[in-house]
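Q: There's a structure below that I have some questions on.
The values are calculated or read from the model by the stated rules, or taken from the named source; none is laboratory data. All figures in this text were calculated on a predicted structure; none of them were measured in a lab. FYI the Cβ positions are ideal-geometry reconstructions off the backbone, even for glycines, and counts take in every protein chain you see.
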Amino acid sequence: MDAAPDIDAVAGESVVVIGGGFGGLSTACYLADAGAEVTLLEKNEQLGGRASRLEADGFRFDMGPSWYLMPDVFERFFGHFDRSPEEYYTLTHLDPHYRVFWKDGDRVDVLPDMAHNRELFEAYEPGAGDALDAYLEDAERTYEIGMEHFVYEDRPRLRDYVDRDVLRYSWGLSLLGKMQGHVEGYFDHPKLQQLMQYTLVFLGGSPTNTPALYNLMSHVDFNMGVYYPDGGVGAVVDGIVELAEELGVEFVTDAEVTDIEGRYGAFAVDTAGGDRYLADVVVSNADYAHTEQELLPERKRQYTQEYWESRTYAPSAFLLYLGVEGDVEELAHHTLVLPTRWEEHFAQIFDEPAWPDDPAYYLCVPSETDETVAPDGHSNLFALVPIAPGLEDTPELRAEYRDLVLDDIAENTGTELRDRIVFEETFCVADFADRYNSYDGSALGLAHTLRQTSLFRPPHRSSAVDGLYFTGATTTPGIGVPMCLISGGLTAERVADTI
Ligand SMILES: Cc1cc2nc3c(=O)[nH]c(=O)nc-3n(C[C@H](O)[C@H](O)[C@H](O)COP(=O)(O)OP(=O)(O)OC[C@H]3O[C@@H](n4cnc5c(N)ncnc54)[C@H](O)[C@@H]3O)c2cc1C
């Protein structure tokens, strides 16, 4: 995607966007800005998709994304419309970036201060401070090449890779190996390996199924920093919705699409409420498999049910939202709690699906940074345990697991929550399927395994229905809020190129 993609060819077209996640919102902005008449239909009562908000008893929770990473991507997105993120929301640079508790009693903070991080690494392994510098230099190079040549530029066909620049960087070969091997090349200490690999959970992968090119995530977290949008990630959703409205996008919530009929220039999109929307072009940000398998007749699908069943899905999640009395000072805004050996947890996600016995999990405490998200004298936090998609999810299993997680938090972080909980709610596999129509209740969609990266992800443009396009985490570049914003731009370009 060029800095200023040329999508003016869409001027005057009527477009229905299905789904108001970041991919849908972004596509709507690009197309409306280029002169299309855009109506966005969202199934739920609020916009933002997986970045929905839960508000109750004076607490406000981001239900999904909570790490604001890659600020450059947001600047480039708003910059396309001659705006800047600061016109819509305010960022705080978090310090520490995050805290890690290992279950052997060890604890570290990763800070914006790189001198501190180097010393931290050196303390675990002589020479690891220098190795960290070398690793991050490599990660920065991967980020720069990767973003320009693969992330902002869509390469939907194999022949697009036969490009001198791309070959010259011979970027692929060593980075197509697994993350585990790549990290072992720099660090021996298992805890340092974990610090370089935990970001893979953002991509829905594990160290043994994700290609090493995603070492770029360490550049994102160590060098670029971890930010918090005041008010939470919901404030970013509000900002983009405000921008979209300024550009002329019409929003309809509580509008679940049930059917897509027709083709370019003559689409009819029906909703469960009995409304029908006519459009020249349709862009679906709803789950890709749901759109193909449930909204289109069989002859208009690009993929079979077997295709979707044979994919590797990113984890689902067990989420426990808690409003508690008092402080939780042992926890940072972002806290990870990790077993010293986490192979078994990954195996229970990808190989032998089961509720993890000894989970690796994440705790988010936005009230550490933002006093507007909890009533006075209270804290707002959530626990997120990645679990296998499609796992059996019953009220009894959730209740058992809630107790296991609360015990684990008390034992490993010294934070006893049980007697001071004033609000609680869970969200799990069945809710992902129900609220977002997510395949198998995955939290994130298609994992970034090598065979599901770049041109191996499903395309932005349907080859079966002229005028139908897709955007969001299942397409390229993939999972995560910044990637979905970029995906919206790529989809808009594809619409302009092919209508
Ligand atoms: C728990 C969790 C934590 C995460 N943490 C982070 C993080 O810290 N940082 C980060 O960058 N990313 C994070 N992510 C990933 C990120 O949130 C997602 O990759 C991204 O938000 C997905 O956006 P999307 O465009 O694919 O659309 P989605 O968010 O999936 O939205 C799709 C929309 O389509 C709607 N829809 C579905 N079916 C229909 C229909 N038939 N009719 C109308 N509408 C329909 C859905 O209701 C939904 O609103 C997290 C995700 C989760 C779940």
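Q: Here are some conditions: (1) on the phi < 0 side of the Ramachandran plot; (2) surrounded by 21 or more Cβ atoms within 10 Å (Cβ to Cβ); (3) in contact with a helix residue (DSSP H, G or I) (Cβ under 7 Å, 6 or more places away or on another chain). GLY232 meets all but one. Which one does it not meet?
A: (1)
Q: Inside segment 28-63, can you point out the residues that are in contact with a Lys or Arg (Cβ under 8 Å, 6 or more places away or on another chain) and of a type in the set (Ser, Thr, Tyr)?
A: The answer is SER52, and nothing else.
Q: Let me ask something else about it. Take the residues in segment 442-499 that are farther than 20 Å from PRO315 by Cβ and aromatic (Phe, Trp, Tyr); name whichever of them is farthest from the ligand (Cβ to nearest atom).
A: Taking the candidates together, the pick is TYR469.
Q: List the strands (runs of 3 or more DSSP E) that sit entirely inside segment 19-137 and contain at least 2 residues that are of a type in the set (A, V, I, L, M) and either within 14 Å of the ligand (Cβ to nearest atom) or at pLDDT below 95 (or both).
A: 37-41
Q: Separate question: Out of the residues in segment 373-398 that are among the polar types (S, T, N, Q) and buried (at least 20 other Cβ atoms within 10 Å of the Cβ), which is nearest to ASP327 (Cα to Cα)?
A: It comes out as SER379.
Q: Out of the residues in segment 291-300 meeting the condition of being buried (at least 20 other Cβ atoms within 10 Å of the Cβ) and within 11 Å of the ligand (Cβ to nearest atom), tell me which one is farthest from SER310 (Cα to Cα).
A: LEU295
Q: Output the helices (runs of 4 or more DSSP H) that fall wholly within segment 161-265 and possess 3 or more residues being farther than 23 Å from PRO315 by Cβ and at pLDDT 95 or above, or say none.
A: Qualifying helices (runs of 4 or more DSSP H): 233-246.
Q: Between a first residue in segment 55-71 that is under 26 Å from MET224 (Cβ atoms) and a second residue that is at pLDDT 95 or above and within 7 Å of the ligand (Cβ to nearest atom), which pairs have beta carbons less than 6 Å apart while being 6 or more apart in sequence or on different chains?
A: As it stands, the answer is GLY64/ARG50; GLY64/ALA51; PRO65/ALA51; PRO65/VAL481; MET70/PRO482, since those pairs meet every condition given.
Q: Criterion first (outside any loop (DSSP other than H, G, I, E, B), of a type outside the set (S, T, N, Q) and under 30 Å from VAL249 (Cα atoms)) does GLY146 satisfy it?
A: No; evaluated as a whole, the condition is false for this residue.
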